[in-house]
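J.: Below is the structure I would like to discuss, written out as structure tokens.
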Amino acid sequence: MNPTDLLLRWPAPAADWNEAAPVGNGRLGAMVFGGTHRARIQINDSTVWSGTPGGPAKALADVVAAGAGPRRLEEVRDALRAGEPHRAEGLLMAFEGPYSQEYLPYADLWLTVPGAQDATYRGRTLNLDSGIAEDAFDLPSGASVTRRTWADAATGTLCTDLAARGGTVDVRLEVTTPLREVHRCAGPEGVVIGVEIPVDGAPAHEPDVPEPLRYADGPVNGYDPFGALALRVTTDGEVTADGGALRVTGATRLLAVVASSTEALRHWRGLDAPAGRAAHLEAAADSAARAAEHGTGELLKAHETDQRALLGGTSLRIGPRRPGTHDVARDILSGDDELLTATVLFQLGRYLLAAASRPHAGPPANLQGIWNADLRPAWSSNYTININTQMNYWGAEAAGLGPCHEPLFDLLDRVAAHGRDVARQLYGARGWVAHHNTDMWGWALPVGMGRGAASWAIWQMGGAWLVQHLWDHWEFTQDTAFLRERAWPLLSGCAEFLLDWLVDDGTGRLGTLPSTSPENHYLTADGSMASLTRSSTMDTALTRAVLERTRRAAALLGIDTPLSGRISATLPRLHPPRIAAGGWLQEWADDLPEEDPHHRHLSQLVTVHPLGLIDPDGTPELAAAAAALLDRRGPGAMGWSWAWKIALRARLRDAATARSLLLEATRPFEGDPDTDAPVDGSEWGGLLPNLFSTHPPFQIDGNYGLMAALTEMVLQSHDGTVHLLPALPAQWREGEAVGLRCRGGLSADFAWHDGAVTSVTVRRLAGDDTAPVTVRHRDRTTRVRVATGAAVTLGADLTPREEARPC
């Protein structure tokens, strides 16, 4: 452990999943419970999803056969033009496929120490800098046992090391699975199991599905839903097989390594030819054996080098404390040091993103990151793309985790591939489209089984929001090759769909029809609730952002395309943001009364954050209307909604309210975390004993969103300026940031005291070094030139202390 490390501590073993500590390497994730006699490590593999690669195409064919398509779309539009939203909603039910698929639990590793029932437990920790979970206990025999668990990115395995001092220890190691086990082999060299994965999984909110988890008896259209998991043990004790498990006796050291091989991972990597079950069993066993041969010391050294290289370049300290071991219940959940809490939650968010989302490892972080123990998790633990998946990655670039963004782009490739067929067959449009949900197979249809409410299921802007992340990555990295090779095909395809999707509303303006504002309703003239209308503010804002950024990308890349001309002709015809009669930012094209003025979604405020189309300097009247809308929505709700509200208040430079919301969001949750709260936000969430954010249910977007919001409070760069401490609460009098990233290929180190910046160093990592960099703090602004690979240090008054120097 380094003296600068930040550790979380719990004095007792985890009594349940919500107290366990997460580790992950981007594909394998585990919840580490700790304990003396019988310790559990619950294991996930990010590629273990129900469903098959052919599922989205089959669902589209079924929907089209049932009557969905451009002709039905025109009937929907005619109904809306006639003022009949309920008839339009009934017609749109034909567009809904069944549901996207489920992210599933994979296995459990159990470590049982005979005779340890009366051991003295010495607590457990999670190191947020090294990614190592550790616990310790003393046996009645006098032996002292220390156990460390980490998910190793270098070998792609999960490792647990146990060391005994003052005596030896016996351990029984078992591997179990909640899925269908079809193979098990155990011997002194280890344990290998094979499991079949369901080919269909219904979400928990669909109670009437006859077979919620359906297995196949073999491959489906060439895809074999199979996974293999292997355990390998090295020790100075004696290893014997014990009824499908392993027994180790007389050990002072033990290393247990778990490896996985799935057919879904091959598909994710573009390897469509099936490997065969025997090959997967052999691959998992070989991976575990190769990793175990390195031994604990070598594995830990490589793991820490990798982990610290990713996490170590950026940090944020709010207040005087960061390093050390902090008791979660005493210091974070029940403590009175909000500065420490903010510091911990920033690093926790970074740690969880690095653990759940690594380049070339597997699918991106889902609703629960990569940690799930439920066969029917809430909302299928999939990708909800009307806010939640986007929030997972809001802070990736600014918090120095740009590489962790890449799995999201891999998912976008798959969504767009299916979305092209959906756009053409459902809407008669070019390009590609996505709706409210997706999964690792790239689902692009609306979901809902023909009965899902249009307020959430019928929304054609999921892709338009996701592609903003491509532009964000470009803005921060200035990577032209990425812009050309990864971003441009997706951006231009999304723009093509939007241009075809827009219709003239009869006034010369172009808008979306049908349109919803997720997941809100308005009241019709007769007092009934409806969701379908035209040109919601969110639809128009996302459309504008996609079109502007696509046109800009074409110019940057020197691409001469008719698309740019179509965009230039379209942009002036889009509806501008409007202010409702009540003074707040309007949600729909018409000033309609909301059914729930306190709704948890803040859809029209996408204009403020993350898009940056409205800000206090450039559009002060609209910024005031955005603040009025936030006042109307009120505080509270669930983790992700809190996080969005904090980020929005930060963009509007309302530090006091941002702090107040943060204090609400970081209080301990005192209800039943296993009973889902109403989705209307009437019951507030909070933090679980392991600091996961919950509504309930647990959704990791709250943790990621809080990290992103904290970044927005201390540094913003969305308007082309490096803006220091734009929303710093008065109570946060001192602190330090290192390596926070800024748009334009920049990074910033700065410190503050008594609420004022004492110094700032701006580094240019990439980008146009002929362009001056604007730095702002309070009412001071300065412009400096920073050469690529060099840095400029400014004093408290933003005057240069040092000329540009090499980094």
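The values are calculated or read from the model by the stated rules, or taken from the named source; none is laboratory data. In this text the structure is predicted, and so the values were computed from the model without any measurement. Using ideal geometry, Cβ is built from the backbone for each residue, glycine included, and neighbour counts are taken over all protein chains shown.
J.: Quick one: is I614 in contact with a Ser or Thr (Cβ under 6 Å, 6 or more places away or on another chain) and within 26 Å of D779 (Cβ to Cβ)? Give the steps one after another, and end with the answer.
T.: On the way: in contact with a Ser or Thr (Cβ under 6 Å, 6 or more places away or on another chain): yes; within 26 Å of D779 (Cβ to Cβ): yes.
Yes, satisfied.
J.: Of the numbered conditions (1) more than 30 Å from L502 (Cα to Cα); (2) at pLDDT 95 or above; (3) assigned to a loop (DSSP other than H, G, I, E, B), G115 fails exactly one; give the number of that condition.
T.: (2)
J.: May I ask you to say which residue of A658, A628 is small (G, A, S) and either free of Cβ contacts under 8 Å to residues at least 60 places away in the same chain or assigned to a loop (DSSP other than H, G, I, E, B) (or both)? Before you say what the answer is, go through the steps one by one.
T.: Numbers: A658 fails: either free of Cβ contacts under 8 Å to residues at least 60 places away in the same chain or assigned to a loop (DSSP other than H, G, I, E, B) (or both).
Step by step, each of A658, A628 is checked, and only A628 is small (G, A, S) and either free of Cβ contacts under 8 Å to residues at least 60 places away in the same chain or assigned to a loop (DSSP other than H, G, I, E, B) (or both).
J.: So for the stretch 681-701 (the condition being assigned to a strand (DSSP E or B), farther than 18 Å from L648 by Cβ and either acidic (D, E) or at pLDDT below 95 (or both)), does at least one residue qualify? Let's see the steps before the verdict.
T.: Residues of the stretch 681-701 assigned to a strand (DSSP E or B): 686-687, 693-694, 698.
After this cut, where a residue has to be farther than 18 Å from L648 by Cβ as well, the list is 686-687, 694, 698.
If we keep only those that are either acidic (D, E) or at pLDDT below 95 (or both) too, we end up with none.
No, the stretch 681-701 contains no residue that is assigned to a strand (DSSP E or B), farther than 18 Å from L648 by Cβ and either acidic (D, E) or at pLDDT below 95 (or both).
J.: What number of residues within the stretch 761-779 are within 30 Å of the chain's Cα centre (by Cα) and either free of Cβ contacts under 8 Å to residues at least 12 places away in the same chain or at positive phi (or both)?
T.: Number of matching residues: 1.
J.: One residue is enough: does the stretch 674-681 have a residue meeting the conditions acidic (D, E), outside the structural domain of H575 (by TED's automatic domain parsing) and within 19 Å of N386 (Cβ to Cβ)? Quick ask: steps written out before the conclusion?
T.: Our first condition is that a residue be acidic (D, E); within the stretch 674-681, this holds for 674, 676, 680.
Pick out the ones that are also outside the structural domain of H575 (by TED's automatic domain parsing) and you get 674, 676, 680.
Those still in the list that are within 19 Å of N386 (Cβ to Cβ) too: 676, 680.
Yes, because at least one residue in the stretch 674-681 is acidic (D, E), outside the structural domain of H575 (by TED's automatic domain parsing) and within 19 Å of N386 (Cβ to Cβ).
J.: Return the residues of the stretch 631-652 that are part of a loop (DSSP other than H, G, I, E, B) and buried (at least 19 other Cβ atoms within 10 Å of the Cβ); say none if nothing qualifies.
T.: Within the stretch 631-652, the subset part of a loop (DSSP other than H, G, I, E, B) is 634-638, 652.
Result: A637, M638, L652.
J.: Here's a check for you: in the stretch 420-441, which residue that is surrounded by fewer than 21 Cβ atoms within 10 Å (Cβ to Cβ) and not polar (S, T, N, Q) is nearest to the chain's Cα centre (by Cα)? Let's see the steps before the verdict.
T.: The first filter runs over the stretch 420-441 and keeps only residues surrounded by fewer than 21 Cβ atoms within 10 Å (Cβ to Cβ), leaving 420-421, 424-425, 427-428, 430.
Narrowing the set further to residues that are not polar (S, T, N, Q) leaves 420-421, 424, 427-428, 430.
Working: R420: 25, D421: 27, R424: 29, Y427: 30, G428: 32, R430: 29 Å.
Step by step, filter the stretch 420-441, then rank; the result is R420.
J.: So which residues in the stretch 224-246 are buried (at least 21 other Cβ atoms within 10 Å of the Cβ) and farther than 18 Å from D161 by Cβ?
T.: D224, P225, F226, G227, A228, L229
J.: Condition check: touching a residue at least 12 places away in the same chain (Cβ under 8 Å) and either β-branched (V, I, T) or over 14 Å from I385 (Cβ atoms) (or both). Does D421 satisfy that? Working first, answer last.
T.: Details: touching a residue at least 12 places away in the same chain (Cβ under 8 Å): yes; either β-branched (V, I, T) or over 14 Å from I385 (Cβ atoms) (or both): yes.
The answer is yes for D421.
J.: Something else: Assuming V248 fulfils every condition listed in (1) outside any strand (DSSP E or B); (2) aliphatic (A, V, I, L, M); (3) touching an Asp or Glu at 6+ places or on another chain (Cβ under 9 Å) apart from one, which condition is it?
T.: Going through the list (1) outside any strand (DSSP E or B); (2) aliphatic (A, V, I, L, M); (3) touching an Asp or Glu at 6+ places or on another chain (Cβ under 9 Å), V248 breaks only (1).
The rows are residues; the columns are (1) over 12 Å from M440 (Cβ atoms); (2) part of a strand (DSSP E or B); (3) of a type outside the set (A, V, I, L, M, F, W, C); (4) modelled with pLDDT of 95 or more.
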residue	(1), (2), (3), (4)
M391	yes, no, no, yes
W394	yes, no, no, yes
A398	yes, no, no, yes
H405	yes, no, yes, yes
L411	no, no, no, yes
V415	no, no, no, yes
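J.: If you don't mind, there's one more thing I want to ask. If only one of G739, G795 is of a type outside the set (D, E, K, R) and either touching an Asp or Glu at 6+ places or on another chain (Cβ under 9 Å) or in contact (Cβ under 8 Å) with a residue 60 or more places away in the chain (or both), which one is it?
T.: On the way: G795 fails: either touching an Asp or Glu at 6+ places or on another chain (Cβ under 9 Å) or in contact (Cβ under 8 Å) with a residue 60 or more places away in the chain (or both).
Unique residue meeting the criteria: G739.
J.: Being under 32 Å from the mean Cα position of the chain (by Cα), of a type outside the set (A, V, I, L, M), part of a strand (DSSP E or B) and at negative phi narrows it down to one of E174, E206, E211, so name that one. Break it down into steps so the answer makes sense when it comes.
T.: Working: E206 fails: part of a strand (DSSP E or B); E211 fails: part of a strand (DSSP E or B).
Going through E174, E206, E211 in turn, just one is under 32 Å from the mean Cα position of the chain (by Cα), of a type outside the set (A, V, I, L, M), part of a strand (DSSP E or B) and at negative phi: E174.
J.: What is the one condition in (1) out of contact with any Gly (no Cβ under 8 Å at 6 or more places or on another chain); (2) in a loop (DSSP other than H, G, I, E, B) that V762 does not satisfy?
T.: Only one criterion in (1) out of contact with any Gly (no Cβ under 8 Å at 6 or more places or on another chain); (2) in a loop (DSSP other than H, G, I, E, B) is unmet by V762, namely (2).
J.: While we're here: Across the stretch 475-489, what is the number of residues that are within 20 Å of V415 (Cβ to Cβ), surrounded by fewer than 23 Cβ atoms within 10 Å (Cβ to Cβ) and of a type in the set (A, V, I, L, M, F, W, C)?
T.: The qualifying residues number 3.
J.: Is it true that D129 is surrounded by fewer than 23 Cβ atoms within 10 Å (Cβ to Cβ), part of a strand (DSSP E or B) and either among the hydroxyl-bearing types (S, T, Y) or touching a residue at least 60 places away in the same chain (Cβ under 8 Å) (or both)? Before you say what the answer is, go through the steps one by one.
T.: On the way: surrounded by fewer than 23 Cβ atoms within 10 Å (Cβ to Cβ): yes; part of a strand (DSSP E or B): no; either among the hydroxyl-bearing types (S, T, Y) or touching a residue at least 60 places away in the same chain (Cβ under 8 Å) (or both): yes.
So D129 does not fit the description; no.
J.: Working only within the stretch 524-567, note down all residues that are charged (D, E, K, R), without any contact (Cβ under 8 Å) to a residue 12 or more places away in the chain and not in a helix (DSSP H, G or I). Walk me through it before giving the result.
T.: Quick first cut of the stretch 524-567, residues charged (D, E, K, R) only: 526, 534, 539, 544, 548-549, 551-552, 560, 566.
Remaining after also requiring without any contact (Cβ under 8 Å) to a residue 12 or more places away in the chain: 526, 552, 560.
Once the filter is applied, which keeps residues that are charged (D, E, K, R), without any contact (Cβ under 8 Å) to a residue 12 or more places away in the chain and not in a helix (DSSP H, G or I), the stretch 524-567 yields D526, D560.
J.: Something else about it: Would you please list the contacts, defined by Cβ atoms under 6 Å and residues six or more apart or on different chains, that run from a residue in the stretch 497-523 that is closer than 23 Å to W432 by Cα and of a type in the set (F, W, Y) to a residue that is in a loop (DSSP other than H, G, I, E, B) and modelled with pLDDT of 95 or more?
T.: F497/A429; F497/G431; F497/W432; F497/V433; W501/A429
J.: Here's a check for you: in the stretch 71-111, which residue that is surrounded by fewer than 20 Cβ atoms within 10 Å (Cβ to Cβ) and either assigned by TED's automatic domain parsing to the domain that holds D45 or in contact with a His (Cβ under 9 Å, 6 or more places away or on another chain) (or both) is nearest to L523 (Cα to Cα)?
T.: D108
J.: Just the residues that are over 20 Å from E548 (Cα atoms) and small (G, A, S), please, taken from the stretch 604-631.
T.: A623, A624, A625, A626, A627, A628
J.: Can you tell which of T758, T721, T711, T782 is more than 21 Å from R659 (Cβ to Cβ), of a type outside the set (D, E) and under 31 Å from the mean Cα position of the chain (by Cα)? Write out each step before concluding.
T.: Details: T758 fails: under 31 Å from the mean Cα position of the chain (by Cα); T711 fails: more than 21 Å from R659 (Cβ to Cβ); T782 fails: under 31 Å from the mean Cα position of the chain (by Cα).
Matching residue, one of T758, T721, T711, T782: T721.
J.: Filter the stretch 163-183 down to residues that are surrounded by 15 or more Cβ atoms within 10 Å (Cβ to Cβ), under 28 Å from V48 (Cα atoms) and of a type in the set (D, E, K, R), then give me how many there are.
T.: Going through the stretch 163-183 one residue at a time, the tally reaches 3.
J.: Residues L255, L299: which one is in a helix (DSSP H, G or I) and in contact (Cβ under 8 Å) with a residue 40 or more places away in the chain? Step through it out loud before you land on a result.
T.: Details: L255 fails: in a helix (DSSP H, G or I).
Going through L255, L299 in turn, the sole match is L299.
J.: Of everything in the stretch 593-623 that's in contact (Cβ under 8 Å) with a residue 40 or more places away in the chain and not in a loop (DSSP other than H, G, I, E, B), which residue is farthest from Y522 (Cα to Cα)?
T.: E621
J.: From (1) in a loop (DSSP other than H, G, I, E, B); (2) within 27 Å of K301 (Cα to Cα); (3) polar (S, T, N, Q), pick out the condition that doesn't hold for S100.
T.: Evaluating S100 over (1) in a loop (DSSP other than H, G, I, E, B); (2) within 27 Å of K301 (Cα to Cα); (3) polar (S, T, N, Q) leaves (2) as the failure.
J.: Residue under question is L340, and the condition is that it be in a helix (DSSP H, G or I) and either crowded, with 22+ Cβ neighbours inside 10 Å or more than 13 Å from the chain's Cα centre (by Cα) (or both); does it hold?
T.: Details: in a helix (DSSP H, G or I): yes; either crowded, with 22+ Cβ neighbours inside 10 Å or more than 13 Å from the chain's Cα centre (by Cα) (or both): yes.
Taking the combined requirement at face value, the residue satisfies it.
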